[in-house]
Amino acid sequence: MSGHGTPIPMTSRKCGPLTGEARVPGDKSISHRSLILGALSVGETRISGLLEGQDVLDTAKAMRAFGAEVTDHGNGEWTVNGVGVGGFAEPEQVIDCGNSGTGVRLIMGCMATSPITATFTGDASLNSRPMGRVTDPLALFGAQAFGRTGGRLPMTIVGAADPVPVTYTVPVPSAQVKSAVLLAGLNAPGQTVVIEKEATRDHTERMLVGFGAELTVEETDAGRVITLTGQPELKPQAIVVPRDPSSAAFPVCAALITEGSDVLVPNIGLNPTRAGLFTTLREMGADLEYENLREEGGEPVADLRAKFSPNLKGVEVPPERAASMIDEYPVLSVVAAFAEGQTVMKGVKELRVKESDRIDAMAKGLRAAGVTVDEGEDWWIVTGRGFGNVPGGVTVESRLDHRIAMSFMVMGMATEKPMRVDDGGPIATSFPIFEPLMASLGAQVSRDNS
Ligand code: S3P
């Protein structure tokens, strides 16, 4: 089992205005997919702006283990010389995906319809997460999975030698499951159909089309019906990875709750399947503008300007918006603590099976910091204390979860007393420049050991 080494306790203190530009790293979802689809193409894919967080580096390593040539040219420039659909070689070693659910689930999908066997593992967080949601549909293609009790990693997948195409309705709103099935369908003959009742992030669909696959999407009463024609020859691409809206969430939310702040977060993708947080913040009364709204690579992009917003109001977040902001609930709950009234978040059961049980992790930390939180299996409510009235002054667990660690660091920028996390190490999985970037805006986030 991998780990990330010695815990790094971190403290965040109340700070003056946050000002300046926050150039957040590349999108994690698109970075994983760029490496994977590059590996499944014939020829050289060039990627710029790749997120060089540990999750994505683990996917790069995995693609090498399956036979692709992956080269880091520095400064976020990478190339992948792919082996083509169905061209994966059998890895000689166990594939360690570290902390990354996206990495392991997508990679399991794309090897499951080749006649090879691979064993996957990860850190304590990943090894506790459910994989049955992916191995169930992969079994329909003819793949076999042998994991621990409850469908947990470490797990061996024996790929199908003669895969058959499948039609599959995804039972939980999950882009990872949808993507695993589509990637498996690439090496099955005929048409693989995936139906999702609730739309989730659609990067896999968009990028498969970009790489030359035949894929259609139809909106029907049963949901989004995605039809992929198997065994295409994927053509290498030049990809510019946009900046990650899920990482942008942290400087944006920090600016809203920190007195006098005015922060510009340039070049953020506002794909509607990802932008739910920003809609919600605006409903709460946040001073958040989309400047220079434009289209890039077929997707809406804007520079976000976030200013201190002392009069935020609690809102009810509609359950149908959950998928478009699923990774942003932890930091939303922090903003909600500084709002007046209740923020009600429903239809969010998936939060319990992320890198940690995010409802439990945030609820415990918020309560310790003086904030009232009520919760049920698939809902939670944060009762705001209003700006300037949140005590803080506690150490909370980050539970191997980058977004929990960053959310509490954002909180400490505006609580009366500092907030401390027991381990900020996981932040490196998705946002390796979090500390210097926040410091450059004026935040006081420090490692306790240094
Ligand atoms: C992701 C999908 C989401 C999200 C994760 C990235 C992806 O997970 O939480 O951070 O890139 O497909 P689920 O598919 O489990 O909802």
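Taking amide H as placed 1.01 Å from N in the peptide plane, residue 199 has no amide H partner under 5 Å among residues 5 or more places away or on another chain. Please work out whether segment 276-336 counts as rounded, prolate or oblate from its C-alpha gyration tensor, where a ≥ b ≥ c are the square roots of the eigenvalues and a/c under 1.5 means rounded, while otherwise a/b larger than b/c means prolate and anything else oblate? Here segment 276-336 falls in the oblate category. The GluC sites (Glu not before Pro) found in segment 327-423 that occupy coil by DSSP, while having at most 16 further C-beta atoms within 10 Å, are 377, 416. Rounded, prolate or oblate: pick one for the chain, where a ≥ b ≥ c are the square roots of the eigenvalues of its C-alpha gyration tensor, a/c under 1.5 means rounded, and failing that, prolate if a/b is larger than b/c, else oblate. In terms of gyration-tensor shape, prolate.
Between segment 422-450 and segment 206-241, how many Å separate their Cα centres? Comparing the Cα centres of segment 422-450 and segment 206-241, I get a distance of 37 Å. Scalar couplings 3J(HN,Hα) for segment 235-246, obtained by applying the Karplus form with A = 6.51, B = -1.76, C = 1.60 to θ = phi - 60°, are 9, x, 10, 9, 10, 10, 6, x, 6, 7, x, 6 Hz; x denotes Gly and Pro. The phi torsions of segment 139-145, fed into the Karplus equation with coefficients 6.51, -1.76 and 1.60 and a -60° offset, translate into couplings of 5, 5, 6, x, 7, 10, 10 Hz, rounded to whole numbers, with Gly and Pro shown as x. Amide H contacts under 5 Å for residue 117: 159, restricted to partners 5 or more places along the chain or on a different chain, H placed in the peptide plane at 1.01 Å from N. Distances between placed amide hydrogens fall under 5 Å for residue 188 paired with 231, all partners being 5 or more residues away or on another chain. Step through the table entries 61/235; 14/346; 346/417; 61/346; 197/364, compare each Cα-Cα distance with 26 Å, and write down the pairs that go over it. Over 26 Å Cα-Cα: 14/346; 346/417; 61/346; 197/364. For the chain, the mean residue ellipticity at 222 nm estimated from helices alone is -8000 deg cm²/dmol, where every DSSP H run of n ≥ 4 contributes -39500 (n - 2.57) and the total is divided by all residues, rounded to the nearest 500. Could you derive backbone 3J(HN,Hα) for segment 119-126 from the dihedral phi with the Karplus parameters 6.51, -1.76 and 1.60 (θ = phi - 60°), listing whole Hz in sequence and x where the residue is Gly or Pro? Per residue, the Karplus-derived 3J(HN,Hα) values read 10, 10, 9, x, 7, 4, 5, 5 Hz.
Cross-link partners of residue 349 among aspartates and glutamates, defined as those whose alpha carbon lies under 13 angstrom from its own and excluding same-chain residues fewer than eight positions apart: 320, 327, 357, 360, 375, 377, 378. Note on segment 28-239: with charges restricted to the Cβ of Lys and Arg (+1) and Asp and Glu (-1), its dipole about the Cα centre is near 360 debye.
Based on the alpha-carbon gyration tensor of segment 28-239 and its eigenvalue square roots a ≥ b ≥ c, which shape applies: rounded if a/c is under 1.5, prolate if not and a/b is larger than b/c, or oblate? The partial results should precede the final answer.
Details: a/c = 1.36, a/b = 1.10, b/c = 1.24.
It is rounded, given that a/c, with a ≥ b ≥ c, falls under 1.5.
Just so you know, all these numbers are worked out from the coordinates, no wet-lab data involved. All values derive from a computational prediction rather than experimental measurement. Methodologically, a virtual Cβ is constructed for each residue, glycine included, from the backbone with ideal geometry; neighbour enumeration extends over all protein chains shown.
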